[in-house]
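Structure first, then comments.
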Amino acid sequence: MYVRPATPDDAAELTRMRAALLRKPGAGTAWHDRLRDHLRHGIADGTHMAAFVIDNPAGGLASAALGTIHQALPGPRHGGLTGHIHLVATEPAFRRNGWGRLVTAALTQWLRRQDCSVINLNTTEEAERLYRSLGFLPNVRAMFSADC
């Protein structure tokens, strides 16, 4: 088992894993194609997006963490670069062996090396313990969003 940076060639697998996480299957649909192309270009560019992965010995990916960097307004305690983790996923056959922790730690380290002083993620209760153990804390601010 080896954690490696994702390459543009991993975009289709990252799209599959993101769709499974969102419970929105549909390979070949327009949004899958848009996401795959966005990931391919973002990972190739390497300035605002990265993913760290562990290969599945049978082919494809076994575990992955994907994040992006956003320019926010600087604040009193941060310089304005914010990381957001969009995906942490491990295939069912490989869960409970620390691979999600490994890819998330690699991504978090990358985001910090890019000068992100704030890193956000959304989680489920099931994964909360993992993120707390990596130093994440609940955001106490009320957060709202709207579909556009």
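The table below lists the values:
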{"read-out": "Residue identified as open to solvent by 70 Å² or more (accessible area, probe 1.4 Å) and either at pLDDT below 95 or over 24 Å from R132 (Cα atoms) (or both) among A27, A11, A72", "value": "A27"}
{"read-out": "Filter pass, A20 being open to solvent by 60 Å² or more (accessible area, probe 1.4 Å) and within 20 Å of W99 (Cα to Cα)", "value": "yes"}
{"read-out": "Some residue of the stretch 117-125 being open to solvent by 20 Å² or more (accessible area, probe 1.4 Å), among the hydroxyl-bearing types (S, T, Y) and closer than 28 Å to Y2 by Cβ", "value": "yes"}
{"read-out": "Odd one out for P5 among (1) open to solvent by 70 Å² or more (accessible area, probe 1.4 Å); (2) within 16 Å of V103 (Cα to Cα); (3) at pLDDT below 95; (4) not small (G, A, S)", "value": "(3)"}
{"read-out": "Pair list, Cβ < 8 Å and 6+ apart or interchain, from the stretch 30-46 residues that are at pLDDT below 95 to residues that are assigned to a loop (DSSP other than H, G, I, E, B) and open to solvent by 40 Å² or more (accessible area, probe 1.4 Å)", "value": "W31/K24"}
{"read-out": "Single condition T47 does not satisfy, out of (1) open to solvent by less than 30 Å² (accessible area, probe 1.4 Å); (2) touching a strand residue (DSSP E or B) at 6+ places or on another chain (Cβ under 8 Å); (3) β-branched (V, I, T)", "value": "(1)"}
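The values are calculated or read from the model by the stated rules, or taken from the named source; none is laboratory data. Predicted, not measured: the structure shown is a model, and the values here were computed from it. No Cβ is skipped: glycine too gets one built from the backbone with ideal geometry, and neighbour counts run over all protein chains shown. Surface accessibility is based on the protein's heavy atoms, side chains included, excluding ligands, DNA and RNA. Shrake-Rupley method; radii C 1.70, N 1.55, O 1.52, S 1.80 Å.
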